Amino acid sequence: MNNVRYIVLLSPAQNLEYGIAAINYGADAVYIGANKFGARASVGNSTKDIEKLCRYAHLYNAKVYATLNTILYENELEQARNLVFELYDAGIDAIIIQDTAFLMMDLPPIQIFASTQMHNYELERIKFFDKIGIADLSWHVN
């Protein structure tokens, strides 16, 4: 069994410019808010900018994660699902969620991480997330 641990430098990316800077300074991955359904609504980024960030990041083998970490209302489910498809087409490597409604949606084959808003600080909860198909970002290693 290989017990090698890898450190992954994950950086927030307020926008395209910050995301590129983080990658230039060695970030292995960045997370960025989309134009809707993010906990920091005022920081929403266009899908076009996220696509540019993905293209840039992938040149350096870095990953881009989109935060969709709000609780969804019933009337937002289809719009949220459509946004995941847009982000997937833009090249996003994973989404970071709070609402488990995403698990019941027909989504593209994309990695799903648990946001810190899901209180993923206990081993039992992390094991539960793993069982239902959500990875805990703080434990993720490539």
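Against the criterion of being more than 19 Å from Arg40 (Cβ to Cβ), out of contact with any Phe, Trp or Tyr (no Cβ under 6 Å at 6 or more places or on another chain) and surrounded by 15 or more Cβ atoms within 10 Å (Cβ to Cβ), Arg125 does not qualify. Do we find a residue being more than 15 Å from Tyr56 (Cβ to Cβ) and surrounded by fewer than 18 Cβ atoms within 10 Å (Cβ to Cβ) anywhere in segment 15-33? No, segment 15-33 contains no residue that is more than 15 Å from Tyr56 (Cβ to Cβ) and surrounded by fewer than 18 Cβ atoms within 10 Å (Cβ to Cβ). Within segment 106-121, can one find any residue that is at pLDDT below 95, within 12 Å of the chain's Cα centre (by Cα) and within 18 Å of Glu17 (Cβ to Cβ)? No, there is no match, as no residue in segment 106-121 is at pLDDT below 95, within 12 Å of the chain's Cα centre (by Cα) and within 18 Å of Glu17 (Cβ to Cβ).
In segment 47-72, the residues that are more than 12 Å from Gly91 (Cβ to Cβ) reach residues that are in a strand (DSSP E or B) and of a type in the set (Gly, Ala, Ser) with C-beta atoms within less than 9 angstrom, at least six apart or across chains, in these pairs: Thr67/Gly33; Thr67/Ala34; Leu68/Gly33; Leu68/Ala34; Asn69/Gly33.
Residues of segment 73-101 that are among the hydrophobic types (A, V, I, L, M, F, W, C) and surrounded by fewer than 21 Cβ atoms within 10 Å (Cβ to Cβ): Leu77, Leu83, Phe85, Ala90, Ala94, Ala101. If you check Tyr60, Tyr65 for being within 13 Å of Leu16 (Cα to Cα), modelled with pLDDT of 95 or more and not acidic (Asp, Glu), only one passes: Tyr65.
Would you confirm whether or not segment 34-43 contains a residue that is without any contact (Cβ under 8 Å) to a residue 40 or more places away in the chain and part of a strand (DSSP E or B)? No: segment 34-43 contains no residue that is without any contact (Cβ under 8 Å) to a residue 40 or more places away in the chain and part of a strand (DSSP E or B).
The values are calculated or read from the model by the stated rules, or taken from the named source; none is laboratory data. Just so you know, these numbers come straight off a predicted model, no measurement behind them. Cβ atoms come from the backbone with ideal geometry, glycine included; neighbour counts cover every protein chain shown.
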